[in-house]
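Chemist: Sharing a structure with you now.
The values are calculated or read from the model by the stated rules, or taken from the named source; none is laboratory data. No experiment lies behind these values; they were computed from the predicted model shown. Glycine also receives a Cβ, built like all others from the backbone with ideal geometry; neighbour counts cover every protein chain displayed.
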Amino acid sequence: MLNFLPSLARGIIASLLLGLNVLFWPFIVFALSIPKFLLPFKPIRSIFDGFFLKLAEYWISCNSGWMNLTQKTKWDVQGLEDLNYKGWYLIISNHQSWVDIFVMQHLLNRRIPSMKFFLKHELIWVPVMGPAWWALDFPFLRRHSAEYLKKHPQQKRKDFETTRRSCEKFATMPTSVMNFLEGTRFTQSKRDRQKSPYQYLLRPKAGGIALALSMLGDKFNSLLNITIVYPDFTPTFWEFLCGKLKRVTVRIQNIEIPQYILHGDYESDEKFRADFQQWVQQLWQEKDLQIQLLRKEAGKS
């Protein structure tokens, strides 16, 4: 509706609306997180958790509202059919920008249970938002390089234990567990440093979803494999707010999770770990090819 305005004006309006949204809903969640913390009894926490999920949906709906108000984006989306609001989903996606999160939330809100993202541990200290994410049971993980873990192998065990506790909470009510397997946003420089074998992706990290599957494998309805392509350019968050995101292509594959990768011991069983990594790498090879084809269809090499 406001796409006739100059991009700077739209950016300012979108920023103000986003800011109000961030002040309003997370503050309510933050305020209610205090009694949740002080009253760690399962029946009481279950009541709070259900209420928090509704607040998260309202929060996302308000984000969709200002997106629709300030932007005129052409959405090319496939794969939204046959989703279950009361199901359990494991979600993976490529990662290029903070905009990815808004894209997925906009498309999937109220179609599936509210998504729980694996977050960097440092984000728990973000004022208001950090406690709000904690109250919503987002898993906080420490990101370590392979070199660091070789010197401090005990830290790997701590990260697995954190993920395990989070997954135990997810088993009590329908949940969508979201993980960016690349662990960080894709850039060409990061790809070159990693010597990634993929053209449009970084190397995937499989440990987090392996543990989620070992804890909740019987509950997950399926794996939602999401591929996001920005045909014109990968937008920064400010460019997104200014309404410069003209086209988005999204493909959602609803994949049955193979039985052989459920409930295995990723940490200790070398054969299972190799099989699991091979499964993930196959998904990543197909995703890399899909991105290439979608970019060609959009007229971008």
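Chemist: Taking region 58-81 as the region of interest, how many residues are buried (at least 19 other Cβ atoms within 10 Å of the Cβ) and in a loop (DSSP other than H, G, I, E, B)?
Modeler: 1
Chemist: Test Ile291 against the stated conditions and say whether it is within 26 Å of Trp98 (Cα to Cα), buried (at least 18 other Cβ atoms within 10 Å of the Cβ), out of contact with any helix residue (DSSP H, G or I) (no Cβ under 8 Å at 6 or more places or on another chain) and modelled with pLDDT of 95 or more.
Modeler: yes
Chemist: Right, something else. With respect to Lys36, determine if the residue is among the basic types (Lys, Arg) and either crowded, with 17+ Cβ neighbours inside 10 Å or touching a residue at least 24 places away in the same chain (Cβ under 8 Å) (or both).
Modeler: Criteria met by Lys36.
Chemist: Identify, by number, the condition in (1) surrounded by fewer than 21 Cβ atoms within 10 Å (Cβ to Cβ); (2) at pLDDT below 95; (3) out of contact with any Phe, Trp or Tyr (no Cβ under 7 Å at 6 or more places or on another chain); (4) not in a helix (DSSP H, G or I) that Asn221 doesn't meet.
Modeler: Among (1) surrounded by fewer than 21 Cβ atoms within 10 Å (Cβ to Cβ); (2) at pLDDT below 95; (3) out of contact with any Phe, Trp or Tyr (no Cβ under 7 Å at 6 or more places or on another chain); (4) not in a helix (DSSP H, G or I), the lone unmet condition for Asn221 is (3).
Chemist: Being under 22 Å from Leu18 (Cβ atoms) and of a type outside the set (Phe, Trp, Tyr) is true for just one of Arg247, Arg295, Arg251. Which residue is that?
Modeler: Arg247
Chemist: While we're here: I'm told Ile92 meets every condition in (1) aliphatic (A, V, I, L, M); (2) free of Cβ contacts under 8 Å to residues at least 12 places away in the same chain; (3) not in a helix (DSSP H, G or I) except one. Can you identify the failing condition by its number?
Modeler: Checking Ile92 against (1) aliphatic (A, V, I, L, M); (2) free of Cβ contacts under 8 Å to residues at least 12 places away in the same chain; (3) not in a helix (DSSP H, G or I), the one that fails is (2).
Chemist: A further question follows. Are any of the residues in region 47-55 surrounded by fewer than 15 Cβ atoms within 10 Å (Cβ to Cβ), over 18 Å from the mean Cα position of the chain (by Cα) and either in contact (Cβ under 8 Å) with a residue 40 or more places away in the chain or not in a helix (DSSP H, G or I) (or both)?
Modeler: Yes, region 47-55 has at least one match.
Chemist: Of the residues in region 82-140, how many are among the hydroxyl-bearing types (Ser, Thr, Tyr), farther than 24 Å from Arg45 by Cβ and surrounded by fewer than 18 Cβ atoms within 10 Å (Cβ to Cβ)?
Modeler: Looking only at that region, the number is 0.
Chemist: Quick one: which residue in Glu297, Glu267 is modelled with pLDDT under 95, surrounded by fewer than 17 Cβ atoms within 10 Å (Cβ to Cβ), within 25 Å of Lys219 (Cβ to Cβ) and acidic (Asp, Glu)?
Modeler: Glu267
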